[in-house]
Amino acid sequence: MNERHYSKTLEAKLLPTLRQGDADGLVRLLSSLSRSEQRTAGYMLGERLLLDCPVDLYWQTAETLVRYDSKAYLITLMKTFLVRMKNGSAQLSDAPFSRLAAGFNEVERQKVTLLILPELSQPNQVELLFSLAGIAKGREQMLYLVRVDTLPCLYLLLCSLRYIEHDRAEVLRVARQLMKRGTGGSFNVASIIKVAFGLDELTGTFSLRLQPYQIARLEQSYDAFCQCVG
């Protein structure tokens, strides 16, 4: 095993403090380590020690470590959060995540949002993440949605374009960005945008052919959108 990600000696130091739920004691322990040991300890916490512990202990430790040194621990612990979300032992609606999100600076907000977005399977989860991170509907959310090639994000991107439909040049830019990505889903959404916003200047060979009256149903129903685009 890569020593950089694991140390038996460090594990022997970290485990008793963790098991006692002594988050402040953990900070004191980490601050006594060398920089290289701190990096190894961070990997161990994120990849091993905080994956299966009780959720209250995970969040208590995460909040304390992020307050201590967000640059060193935030993304590592958010990756742990994603694993725990997948196994059902943590969720976006957990109050500690809301507290953390409320304290993000702009760089942290971008990094965490783009880390979590691709893993969300439903539009309501995406909307909850945006709400907790303070990312406004419309143009601000679009900056994130256009970068993630999942059905929930593509669906909300289509819906978000209604906020800027008066800005034809921006709508056209988004559609071309999707076409440039070149995946089946993004290309199909570009063809929907072409019809929905009357972008006759958007050229390409689209396999998905819809009439304008069909577009409203796709915007109103995520299931219908998935059946059409997915």
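The values are calculated or read from the model by the stated rules, or taken from the named source; none is laboratory data. A quick note: this is a predicted structure, and the numbers were derived from the prediction, not measured. All Cβ positions, even for glycine, are placed from backbone atoms using ideal geometry, and neighbour counts span all protein chains on display. Note: areas computed on protein heavy atoms with side chains; ligands, DNA, RNA excluded. Shrake-Rupley method; radii C 1.70, N 1.55, O 1.52, S 1.80 Å.
Numerical summary
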{"quantity": "Charge context of Gln125, other residues only, Cβ under 14 angstrom, K/R +1, D/E -1", "calculated": "-2"}
{"quantity": "Percent RCO, i.e. relative contact order, over the chain, from Cα pairs under 8 Å lying at least 6 residues apart", "calculated": "11 percent"}
{"quantity": "Peptides 185-194, 143-152 ordered by average Cβ neighbours within 10 Å, highest first", "calculated": "185-194, 143-152"}
{"quantity": "Only Lys, Arg (+1) and Asp, Glu (-1) charged, at Cβ; segment 12-158 dipole about Cα centre in debye", "calculated": "260 debye"}
{"quantity": "Positive-end residue, segment 1-79 charge dipole about Cα centroid, Cβ charges, pick of Leu15, Cys53, His5", "calculated": "His5"}
{"quantity": "Rounded, prolate or oblate (a/c below 1.5 giving rounded, otherwise prolate when a/b exceeds b/c) for segment 1-52 by Cα gyration tensor", "calculated": "oblate"}
{"quantity": "Spherically averaged projected area of segment 129-223 from its Cα convex hull (nm²)", "calculated": "5.9 nm²"}
{"quantity": "Fully extended contour minus Cα-Cα distance, from Glu11 to Ser207, at 0.36 nm per residue", "calculated": "65.0 nm"}
{"quantity": "0 to 90° range, to nearest 10: angle between helix 151-160 axis and the chain longest Cα axis", "calculated": "60 degrees"}
{"quantity": "Debye intensity ratio I(q)/I(0), log10, segment 30-153, q values 0.10, 0.13, 0.18 Å⁻¹ (C-alpha model)", "calculated": "-0.31, -0.52, -0.96"}
{"quantity": "1.4 Å probe accessible area per residue over the chain, in Å²", "calculated": "51 Å²"}
{"quantity": "Area of Glu201 that stays accessible when all protein chains are in place (1.4 Å probe, Å², to 10)", "calculated": "80 Å²"}
{"quantity": "Relative pair counts by distance (%), Cα atoms of the chain, 5 Å bins", "calculated": "1, 6, 14, 15, 14, 11, 9, 8, 7, 6, 4, 2, 1, 0"}
{"quantity": "Signed unit charges on C-beta, dipole axis of segment 116-230, positive-most listed residue Leu129, Leu143, Leu208", "calculated": "Leu208"}
